[in-house]
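Worksheet: one structure, shown below.
Every read-out reported here was derived from the displayed coordinates using simple, explicitly stated rules and does not represent laboratory data. Keep in mind the model is a prediction, meaning the values are calculated, not measured. FYI the Cβ positions are ideal-geometry reconstructions off the backbone, even for glycines, and counts take in every protein chain you see.
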Amino acid sequence: MAIRILGTRSNHHYITAASKLLPVEGGLRFLSTNPGSWNQTDYRKQISLANLLQRYGFPPSQLQNFLSRNRFVLNWNLQDVERSLGILLSLKIPRKSLVSLVSDCPGVLDLKFLKKWEVGFSNCGEVAVFNPSVIKTVLELSRKFSLDPGGFKSRLRVLKGLGFSEGTIRRTLEGSPRVIMMKESEVHKRVEFLSRIGIGNDGVDWVLYSFPEVLGFGVENRLMPLLNEFEQLGFNQELVRKEILAVPRILGMEVGELSKCLDLLRSLKCREPIKLKIFSNGELRAGFDVKLRIDCLCRHGLTHREAFKVLWKEPRVIAYDLEETDKRIHYLVNTMGFNARCLVEVPEFLGVSFEKQIVPRYNVIQYLHAKGGLGDEVGLKDIIKPSRLRFYNFYVKPYPECEKLYGRFSGDVVKGSKSQHPVGMWKLFKSPSYSDSKEDVTNMRLFMDSLS
């Protein structure tokens with residue numbers, strides 16, 4: 001064992017129990033390897049606390065790190081800690097969220113603190129208690145910034161006084177929880193900004209419900225410069241108002257982002273039907289769609305420069321649903337095993353048909369790889385770039401068993417390779433036939449007789 005303690009049999013039992021409970025990490029067990037640093041009581045406390053936390057969903061792999069970073073928890077009464085965990089569960093916080101809350105802010109296990117907030121939540125009404133994630137966020141912020149239930153209740157009164165619905169208040173506390181730390185005047189500034197551009201009370205409620213993060217943006221240094229940029233780009237206030245009501249997340253754009261996105265759109269070289277689809281909802285919405293795709297690509301590891309390059313090379317991505325693009329990248333990384341940055345060299349992956357081209361081709365390559373039929377490593381470029389006929393001739397045709405993996409499209413390729421014209425086209429090129437009359441027959445006989 002990594003720990004050697006000389007003592008009674010009962011002491012050995014505690015150490016053995018902990019060793020069975022907790023995994024070995026880096027060759028060291030969960031407990032301290034320095035026997036002098038802990039006395040017998042400390043060992044018992046640590047083992048008991050570890051067992052307690054594990055019962056409430058704590059993964060054993062996290063316990064060592066948690067207790068080593070938060071030694072002060074060992075000074076608390078174990079029964080009080082258990083009661084605190086019980087209060088958190090009574091507030092309908094899921095076990096997974098409870099583990100996250102305690103890991104990020106172990107101070108919430110303070111029994112006096114939790115009792116105070118348990119009463120505070122019950123006095124705040126149904127709005128706050130309805131969503132467990134709101135309770136988790138409020139507890140974390142209140143512990144870090146010493147917010148009491150009275151201050152929280154006053155913030156709720158401010159939001160209600162502005163005419164927000166209960167659903168909007170819940171969404172605001174979940175999406176922009178720091179609103180409970182803001183002064184009343186700061187909240188009023190954000191609402192007044194929306195009112196100044198022609199958005200009524202119902203519209204403000206809808207905007208905050210859809211995009212509560214807007215309450216965290218400064219008016220002078222973020223929202224007003226963004227509105228000025230819209231005007232400089234030629235979008236009047238009425239159009240901006242309609243677009244904000246249609247897609248409130250437009251307010252989340254950084255100053256200067258829309259200009260870059262519109263520059264990209266105006267430089268696109270693609271077929272007219274694709275352009276029409278991209279601009280079907282107007283230029284402002286198209287620019288915002290570009291921003292969303294850029295953010296999606298950057299989340300998967302591409303730089304902004306690389307993301308813009310991908311969209312310029314493959315404009316169809318802008319017209320596709322964002323969920324479709326995200327699904328393709330997840331398939332590329334998790335199923336096919338390629339790095340997302342391969343998209344810079346092969347942006348066509350995001351534009352070609354997923355069901356008809358990507359999946360069948362990858363299935364064929366996987367089968368041939370497992371069979372040992374591939375001499376060289378096949379990259380993403382080798383899978384996506386070849387034409388349908390070239391891929392078929394190179395990978396599918398030599399292996400008849402791949403016909404089923406390639407799907408119904410293999411038969412179409414064979415038919416298409418034999419003739420470039422639709423079936424029956426030959427009839428249009430056949431010379432017309434005419435019936436011979438008696439006069440024609442007589443003339444032909446006379447002509448033949450004249451030759452003899």
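Multiplying the residue separation of SER146 and GLU220 by 0.36 nm and subtracting their alpha-carbon distance yields 23.8 nm. Protection proxy ranking, highest mean first, for peptides 334-341, 186-193: 186-193, 334-341, where packing is the per-residue count of other beta-carbon atoms within 10 Å, averaged. One chain, two ends: ASN228 and ASP436. Fully extended at 0.36 nm per residue, the span grows by 66.5 nm beyond their Cα-Cα distance. Annotation for ASP80 and ARG305: the two label points, set 7 Å from Cα along the Cα-Cβ direction, are 5.7 nm apart. Our coupling estimate for region 347-352, obtained by passing each phi through the Karplus curve with A = 6.51, B = -1.76, C = 1.60 and θ = phi - 60°, is x, 4, 4, 7, x, 6 Hz, Gly and Pro reported as x. Suppose R0 equals 25 Å; then what is the FRET efficiency for ASP110 and GLU174 from their Cβ-Cβ distance, rounded to the nearest 0.05? Efficiency for this residue pair is about 0.55.
Quick one: divide the alpha-carbon radius of gyration of region 307-403 by 2.2 N^0.38 Å and tell me what you get. Display every interim value, and only then the final one.
Numbers: Rg = 13.8 Å, N = 97, 2.2 N^0.38 = 12.5 Å.
Here the answer is 1.10, to two decimals.
Legend: distances between Cα atoms for LYS327/LYS371; LYS277/LYS313; LYS242/LYS309; LYS160/LYS189; LYS371/LYS404; LYS327/LYS381; pairs beyond 21 Å are LYS327/LYS371; LYS242/LYS309. Packing order of peptides 297-306, 203-212, highest average first: 203-212, 297-306 (average count of other Cβ atoms within 10 Å over each peptide's residues). Between ARG249 and ARG44, what FRET efficiency follows from the Cβ-Cβ distance if R0 is 41 Å, with the result rounded to 0.05? So the FRET efficiency works out to roughly 0.15. Taking a point 7 Å out from the Cα of TYR399 in the direction of its Cβ, the residues of region 354-368 whose backbone N falls within less than 12 Å of it are 361-368. The distance between label points at LYS153 and VAL359 comes to 5.6 nm (points 7 Å beyond Cα on the Cα→Cβ vector). What separates the Cα centres of region 40-81 and region 261-292 is a distance of 56 Å.
Working from label points 7 Å from Cα in the Cα-to-Cβ sense, the GLU323 to LYS96 distance is 1.9 nm. Rounded to 0.05, the FRET efficiency of the ASN131 and LYS371 pair, given R0 = 45 Å and the Cβ-Cβ distance, is 0.30.
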